Structures are given as C-alpha cells and as structure tokens.
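We did not get these values from a lab; they are worked out from the coordinates using the rules stated. Please read these numbers as outputs of a predicted model, since none were measured by experiment. Please note: Cβ atoms are built from the backbone with ideal geometry, for glycine as well, and neighbour counts cover all protein chains shown.
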Amino acid sequence: MAFIASSYALFTVFDNYYTAIFFGLVWGLLIFNLDRFIVSTIKKTDHKWKEVWQATPRIILAIIIAVVISKPLELKIFEKEIDQVLLTQKNNLTLANKNLIANQYSPEINSLQTEINQLKQEIDTKETETNALYETYIAEAEGRKGTKLIGKGPVYKEKREKHDAALTELQNLKTENKAKITEKENQISTLTNLQNEQISTSQPIIDGFDGLMARINALEELPWLPSFFIFLLFLAIETSPIFAKIIAPRSEYDLKLQDIENSVKVWVTQKEHQRSKILSTDTAINEAIYNELAEEEELYNYKKQKAREIMQLQADAFYKSQKNMI
C-alpha cells in the first residue's frame with residue numbers, strides 16, 4: 001500500500017512512470033522495515049501499562065505513516081471529484097488572469113477609444129453644420145426661407161459661399177481626423193495583440209495547475225467525512241499489529257526471547273567481570289616485576305652505561321656545533 005500510494009504521489013510530481021516506481025519501491029521498503037521494527041521491538045512483560053507506555057511512540061509513528069499512506073490514495077480514489085474542483089479553479093484563474101491583464105491595457109485602450117470617438121464627433125458636428133448651411137441656401141433659392149424670393153440672388157450667393165467654405169473645412173477635417181483615427185486604431189490593435197499574447201503565454205501555467213499540492217488543496221474542498229473514514233481504515237491497518245501484540249498474552253516466543261536476552265545479559269556481565277579481574281591481576285603482576293627489577297644491580301649498571309654514552313654523544317655534538325659557529 002505504501003508503494004502504491006507513494007508511486008501515485010510521485011507520478012503527479014515527476015510525471016514519469018520509471019521515476020515514480022523506483023522511488024515508490026524505496027518508500028515501500030522503508031515503510032515495510034519501519035512496521036517490522038515497530039512490532040518486533042515491543043517486548044511482552046507482566047505489566048500492561050509498561051507495555052502501553054513502551055508502545056506509545058510507536059503508535060504515534062504508526063499514525064504518521066497512516067497519514068502519509070492514506071493521503072495519496074485518497075487523491076487517487078477521489079480523482080474525478082478533484083479534477084472537477086481543479087477545472088473550476090482553472091476557469092476562475094483564467095478569468096482572473098484575463099481581467100488582471102486587461103486591467104493593464106484597458107486604461108490606455110479606453111483612452112485611445114475616447115479620442116477616436118471625439119474625432120468622429122468632430123466630423124459629425126461639422127457635417128451637421130455643413131448640412132444646415134446647405135439647407136439654408138437651398139431654402140433661400142426656393143423662396144421658402146430668408147428673403148422668400150425665388151432665384152439665386154445676392155443672399156443666396158452669400159449663403160452658398162458659407163456652405164462651400166464649411167464643406168471645404170469638412171473635407172479637410174475628415175482627412176485629418178481619419179488619419180488620426182487610423183493611427184489610434186493601429187495603436188489599439190497593437191495593444192490588443194500584446195494583451196492576447198500575454199494571455200496565451202500565461203495560460204499554459206494555469207493549465208498545468210494540477211500538481212500534488214493543488215490536488216491536496218482541492219481534496220480539502222470536498223466533504224471531509226469520506227476522507228476521514230479512509231484515514232481511519234489505514235490507521236487501523238497500521239496500528240492493529242501494535243494493539244494486537246499489546247492485548248495478546250505472553251506466548252512461548254516471548255518466554256524464549258526473554259530467556260535468550262537474559263542469557264546474553266549474564267554472559268556479557270560475566271565477560272565484563274572477567275576482563276576486570278584479568279586487568280587487576282595483570283596490573284599487580286607488572287608492579288611486582290618492575291619493583292623486583294628496580295633492585296637488580298646488573299640492570300642498574302647497564303642503564304648507567306647507556307646514559308653515559310648518550311651524554312657523551314650530546315657533548316660531542318654540542319662541541320662540533322660551537323666549533324662551526326666560531
């Protein structure tokens with residue numbers, strides 16, 4: 001179970017089957033040895049509370065192992081539900097990303113669009129003014145307004161000249177404003193392309209938002225009761241051998257184990273006592289021997305001779321060094 005759980009968890013990280021299986025196997029062997037160590041190191045005694053106290057750290061370790069094993073398997077069991085949560089989160093992130101990027105370009109784009117609308121409004125205003133002048137001199141010619149004389153008199157010519165001047169101004173204004181509008185529309189198009197390019201560049205990051213931590217966070221948004229029962233299942237699997245060993249009476253195995261441990265303990269104690277006796281005996285013998293040798297005249301004369309030779313060699317060496325300095 002530890003192998004399967006860790007392999008799946010590592011696959012969500014590395015996205016590689018061989019890497020996930022290799023490290024999953026290492027983790028499985030580690031959990032296997034830890035479980036074996038936890039159960040095998042609980043020793044049966046005649047005191048139940050002592051056994052419980054002895055098993056407490058192992059129970060805590062078993063709980064940690066249960067959490068580590070159950071969490072990746074929960075991710076796999078609720079994979080479809082997690083994918084739905086992640087899809088919602090990705091959509092929200094996509095919208096938020098688009099709004100964030102749009103906020104960077106919208107003020108400038110809106111400003112340019114406002115300027116375009118103003119330029120168009122100037123053309124419309126001038127065109128309305130020109131059309132009004134056209135209507136005025138036509139009505140003068142038809143005798144409907146002004147002097148109400150039919151024909152093209154002086155007043156008609158005056159109004160016609162105003163209209164022609166306004167029409168010329170309108171044409172010039174259209175030419176100038178259309179050039180400005182085209183320039184600003186090109187700027188808007190450039191900004192829009194930059195905005196779309198930035199959205200396209202950041203979208204793969206959002207699409208890849210399905211790693212291990214993202215899945216764990218998505219799992220926490222699901223109802224907690226199913227995950228809790230799965231955790232209890234693995235907790236029971238991890239701790240049941242410990243409780244079974246605590247509850248079980250002392251068996252033949254426990255008695256033989258205690259006998260072997262006591263035998264080893266007595267044997268080690270005997271060896272330590274024996275080494276201590278050997279050391280004290282050897283020390284006493286060495287003292288007696290060296291005390292006896294200290295009183296021998298032959299050994300005294302021999303060491304005296306060697307000391308005399310060393311002092312002579314030192315004197316000769318000192319004489320040579322002084323001679324060389326002079």
Exercise. Taking other Cβ within 10 Å of each residue's Cβ, how do HIS163, HIS273 sort, fewest first?
Worked result: HIS273, HIS163
Seminar exercise, completed: For ILE82, ILE205, ascending order of other Cβ atoms within 10 Å (fewest first) is ILE205, ILE82
For this session: Please tell me which of these pairs span more than 28 angstrom C-alpha to C-alpha: LYS44/LYS76; LYS126/LYS159; LYS126/LYS180?
Result: LYS44/LYS76
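Let me spell out the model: positive unit charges on the Cβ of Lys and Arg, negative unit charges on the Cβ of Asp and Glu, origin at the Cα centre of region 253-325. What dipole size does that give, in debye rounded to 20?
On the way: 11 positive and 13 negative charges, 99 e Å.
Roughly 480 debye for region 253-325.
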Exercise. To the nearest 20 debye, what is the magnitude of the charge dipole of region 17-96 about its Cα centre, counting +1 on the Cβ of each Lys and Arg and -1 on the Cβ of each Asp and Glu?
Worked result: 320
Exercise. Using Cα atoms only, what is the angle between the long axis of helix 79-142 and the major principal axis of the chain, expressed in degrees (0 to 90) to the nearest 10?
Worked result: 20
Seminar exercise, completed: Burial-style ranking of 54-66, 16-28, average other-beta-carbon count within 10 Å with highest first, yields 54-66, 16-28
Problem set entry | region 176-311: C-alpha gyration tensor shape, a/c 1.5 cut-off, then a/b vs b/c | oblate
Exercise. Counting pairs of alpha carbon atoms under 8 Å apart in space and at least six apart in sequence, what relative contact order in percent does the chain give?
Worked result: 24
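Any chance you could run the full-extension gain for ILE63 through GLN118? It's 0.36 nm times the residue separation minus the Cα-Cα distance, nm to one decimal.
12.7 nm
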Problem set entry | Estimated distance in nm for a label pair at GLN312 and SER189, the labels positioned 7 Å out from Cα along Cα-to-Cβ | 11.6
Problem set entry | Per-pair calculated FRET efficiency, R0 = 25 Å: LYS50 and LYS256 via Cβ, rounded to 0.05 | 0.80
For this session: Neighbouring Cβ atoms within 10 Å as the yardstick, rank MET311, MET325 fewest first.
Result: MET325, MET311
Seminar exercise, completed: Given the candidates THR269, GLY208, LEU225, the one whose Cα lies deepest towards the positive end of the charge dipole of region 206-326, counting +1 at each Lys or Arg C-beta and -1 at each Asp or Glu C-beta, is THR269
Exercise. Once every DSSP H run of n ≥ 4 in the chain is given -39500 (n - 2.57) and the sum is divided by its residues, what mean residue ellipticity at 222 nm do you get, rounded to the nearest 500 deg cm²/dmol?
Worked result: -32500 deg cm²/dmol
For this session: Work out the FRET efficiency for THR175 and ASN196 from their Cβ-Cβ distance, taking R0 = 41 Å, and round it to the nearest 0.05.
Result: 0.80
For this session: Note down the nm distance, to one decimal, between modelled labels 7 Å out along Cα→Cβ at ALA165 and at PHE32.
Result: 10.3
Exercise. What FRET efficiency do you get for GLN270 and LYS43 if R0 is 22 Å and r is their Cβ-Cβ distance, rounded to the nearest 0.05?
Worked result: 0.45
For this session: Measure nothing fancy, just the Cα-based angle from helix 154-207's long axis to the longest principal axis of the chain, in degrees from 0 to 90, nearest 10.
Result: 20
Exercise. Relative to the present Cα-Cα distance, how much length would full extension add between GLN305 and ASP83 at 0.36 nm per residue of separation?
Worked result: 70.2 nm
Seminar exercise, completed: Mean Cβ-within-10 Å packing, highest first, puts peptides 229-242, 292-305 in the order 229-242, 292-305
Exercise. PHE14 versus ASN99, label points 7 Å from Cα toward the beta carbon: distance in nm?
Worked result: 4.0
